[in-house]
Every structure is written in structure tokens, then in C-alpha cells.
1. For residue 220 and residue 155, calculate 0.36 nm times their separation in residues minus their Cα-Cα distance, and state this gained length in nm to one decimal.
2. Starting from 0.36 nm per residue, how many nanometres of slack lie between residue 119 and residue 100 once their C-alpha separation is accounted for?
3. Translational diffusion coefficient, Stokes-Einstein: compute it for the stretch 23-137 using the Kirkwood radius over C-alpha pairs as Rh, at 37 °C and 0.692 mPa s, and state it as an integer in µm² s⁻¹.
4. Leaving out ligands and nucleic acids, and using a 1.4 Å probe, what accessible area per residue does the stretch 38-89 come to in Å²?
5. Suppose R0 equals 35 Å. What FRET efficiency, 1/(1 + (r/R0)^6) with r the Cβ-Cβ distance, do residue 17 and residue 134 give to the nearest 0.05?
6. Report residue 238's accessible area, 1.4 Å probe, all protein chains in place, as a number in Å² to the nearest 10.
7. I need the peptides 435-441, 39-45 ranked by packing, meaning the mean over residues of other C-beta atoms within 10 angstrom, with the highest value on top.
8. Applying 1/(1 + (r/R0)^6) with R0 = 41 Å to the Cβ-Cβ distance of residue 200 and residue 79, what FRET efficiency is obtained, to the nearest 0.05?
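The values are calculated or read from the model by the stated rules, or taken from the named source; none is laboratory data. Predicted, not measured: the structure shown is a model, and the values here were computed from it. For neighbour counting, all protein chains shown are included, and Cβ atoms are generated from backbone atoms with ideal geometry for every residue, glycine included. Heavy atoms of the whole protein, side chains included, go into the accessibility calculation; ligands, DNA and RNA do not. Shrake-Rupley method; radii C 1.70, N 1.55, O 1.52, S 1.80 Å.
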Amino acid sequence: MVELRVATILNVNDTDASRYLVTRILEMAGHRVIEAATGGEALRLAQELRPDLVVLDVQLPDLNGYEVAARLRASPETASIAVMHTSATFITADKRVLGLDSGADAYLTQPFEPAELIATVKSLLRLRHAEQEMRLRADQLAEADRRKDEFLAMLAHELRNPLAAIMTAIGILERKSSDDAKEVRMRSIIHRQTHHLARLVDDLLDVSRITRGKVQLRRERMDLRTVLQQVFTLIRPVSEGRELRLETSLPDFPLWLQADATRLEQVFMNLLDNATKYTDAGGAVSVQASQEGVDGSARAVVRIQDTGIGIPANKLPAIFELFSQVDESLERTRGGLGIGLTLVRNLVELHGGTISASSPGVGRGSEFVVKLPLTVAPPALASTTIASDESKRHRRILLVEDNSDARQALKDLLELWGHQVEVAQDGMNGVARALEARPDLALVDIGLPGLDGYRVAQELRARVGQAIRLVAITGYGGPEDRHRALQAGFDHHLVKPVKPDELDRLLTDL
């Protein structure tokens, strides 16, 4: 049983004799008692002294006990104080109900025995103590959750910096032809595994954001077939490396969605990566996209089937739960964090869609079906103009990055593309170089020593105005980070590791 500390009790009664009697009983039980004779005085003392319990007579000369209880409950400062109504006249059932509805926790009818009063007080104090413990625990959990989020954000930043350097370096190497088959194969392995690591980092952070409701979709009208074709391009080398057949079937008409293309690519990459991971060499993975329904009920349906290890019947109900694993053997030969399918389900549902999983049993493969709402086809677009040579012009670029490997790799890549590059390793130096060299564009890391990237952007906007384009390249990739970057004056926000092709397209479009 929990040992309760000495409580402070506010005794409110306009009758001197009744107030004295209750005070004596409570003091003899070891409690500290303060008194009030009116409702207004009771509210003032409750606000100032925050007692553990208010013993509150219903009939008072100014505010009645119901109104006092309601006001105590309405104020955040006094809402957690326990309230016990007492009355010698308002004793009918409807009055007790009115008292409880107004916010009282208990209702005693006078006259009452001292033992009854003490027992009721003890009960209310135990409840209040339990509530305080739960509130303290909730605050501790909230603080732990906040620290976890801070840790994950910092972890992502620290992991993305070396990944950015590796991905940029491999991007340079891939642009150099080689007749050595082994060298080409090694570069391909590094490329695939770096992308895999980057995806694991993104998945880990996205699950944290989704569970806190902080993922925001950047919707645009798009053809689902385009996303799937991009995914096929990325997954085909993986399936071939695992000696699997990848069979695909897309309709010859567009599947228009109002969706976030990057997030959908994440969905289908996770599903296909799982399919190839859990299918042994010689097996097959098939993807079939189609349309079901018409008009407002029309949906795009994507079926992903494999001939892999299957899913046990007892695992199917929890397959989309966080950290759920099909392969729970000690060897863990299939790998994975157990977060991918949780992320997939949440992203699909954010798009208004559904996902289901089925399997005939162990060793008989599995099937995942994603259904997404279709939208009305867009009007015919005018023919696009081919980018001019001017859009491909060589630029004067300032690169502000404190990680020496990432800075050197990105500088070499930009110079390989024909750009003139100045570098700075901290924010103060970056601002000085920008004012001196007057570059067309600055690529700025956010986590810089001294003057961080946000301050760099603000300084340059204040001193150079719109004469320079600013791009944040950072390991901080949450929606709040992107919003803060744009608020600071950046034109674009890229998350490390940036794919060379993605950076090239951005430089072309700016």
C-alpha cells in the first residue's frame, strides 16, 4: 500500500461550528488544514496554496459549491485538486449527481461520522497520489521521447555526412570508364550498399516521425507507372545480383494519382526489397499494376508476389506492426530492422490507400496488395521546350561544408561538371567568401561550427539579397527542418546523401 504524505486540505464552510468540527477531525488525522467561509475565498486560496483536497460545502453565501467546483476544474492550475462536496440540505440523488457533474470527486451528506470523513479523504488522496504518479510518468515518457527524437536527428546527421561523401565519390568514379570488370563490379556494390544504408537511415527516422504524426506529404499529380518504372530500375540490379527473375506488368494507360512520388517510391522499394530479400536464388518476384473501379471509386492496384519463404499464419496479423520479423532465427540471414512494413502501411494510409498481405504458408511465397485512390486525368499539356544551353551553363558555386571528405568529394564532382567552385569550412568563412567572390549559387551545410547554415542564409539574404541562390544540403531532413531552412532564406533544401543526378537536375533548373 502506498504511504501517503501529510496532506494540505482546504475546508470551506460558512457555518463556524461545522467548519470547526471538520477541521478538528482532519487535524487529528494528521492533516494540515486551511479554512475559507465563502466560495470566492476558497477559489483564491486554492489558486495561491494549491491544496491536495477541498472539502466544500454546497450552500455558501456567494458562490454555491457546484459553481466553485466547476471553476476549480476549469482552471489548469487547480484542475487536479480533489474536491469533496458536503451538504446537510442538498441530499437528494439529483443534487448528488449535479455535484459530481460539476467536478466533485465525492459527496458526503451531513451529519457524517468522523471515520466516514477520514476514510473518504484517504480514498480521494490515494486517487490523487495515483494521478500525480501517472502524470509524472507521462511527463518522464514525454521527455524521454523528446530526447529520443533529438538523438535520432543527431544520429541521422552524423550518419548522413559520411554517406554523402561516399555517394558523391562513387558518383565521380561511375563517370570514369574502366575496362576492368572487377573494378566496375566493386563500384556497383559500393553504390548499391550506400543507397541501402541511406534508405535504412531514412526508414528509421520516418517511422519515428510517423508515430508522432509529423510526416507531411508533398502531393502532386503524377502517373503511378512512372514511380514503378523508377523502382524497377533501382531494384533490377539487386534482383539480378540475387539470381532472381523480376517480372513486371504495367497497363498501357496512365494511373493518375494525387500523391508524393518520393514517398511512393519508398513504399514500393521497401516491398520489392523485402520480396527479393526473402526469396532464394532461382525464384521470382512479380509486380502487376492495374485499375479497379471507375469514377470516384477508381483505384490503382499493385500486386507484388514472390516465391520466397512465405509468412506463417500466426505472423500475418502482426506483419505490419513495428519491429515484427518473419525471420527470427539466430542467424538473421535475411537482415532488416523490422520497421519497413510499418512505414509502408503508414505511408499508404496517408495517401488514402490500403495494403494487405497474404501467404499460402511457409515456403510458398507471399503477396502484398497496395490500393491507392485514382484521381481525374490531367488536361493535355503543351509541348515542353528542350532545356537551352543557358540552363546548362557553368556556374560559380560556393560550397560551405565542415566535413572535409564530403567537401572535397562534392568539390571534385562539381568541377567535373565544369563549375567553378570556391569552398569554406565554416559559416563565418562562408559569408566572407560569398561577399568577396559573389558566386551564382551557394551550397550550404546546416550543422556548421560557429555560424550555422541558417545564420549564413540570413546574413547573405540581408547583405546580398536575391542575387545569390541558396541551397541547404544537410543531414537534418524533417519537415520542420525544411520549413526552417526556407524561412531562413534558402531556395531549396536537400537531404544528405544527395544523389549526384538529383543535384545535377537541381543545378540545371535553378
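1. The residue 220-residue 155 span can extend by a further 20.3 nm.
2. 5.0 nm
3. Estimated via Stokes-Einstein, D reaches 228 µm²/s.
4. For the stretch 38-89, the solvent-accessible area averages 39 Å² per residue.
5. So, using R0 = 35 Å, E works out to roughly 0.35.
6. In the full protein context, residue 238 sits at about 30 Å².
7. Averaged packing, sorted descending, gives the order 39-45, 435-441.
8. 0.40
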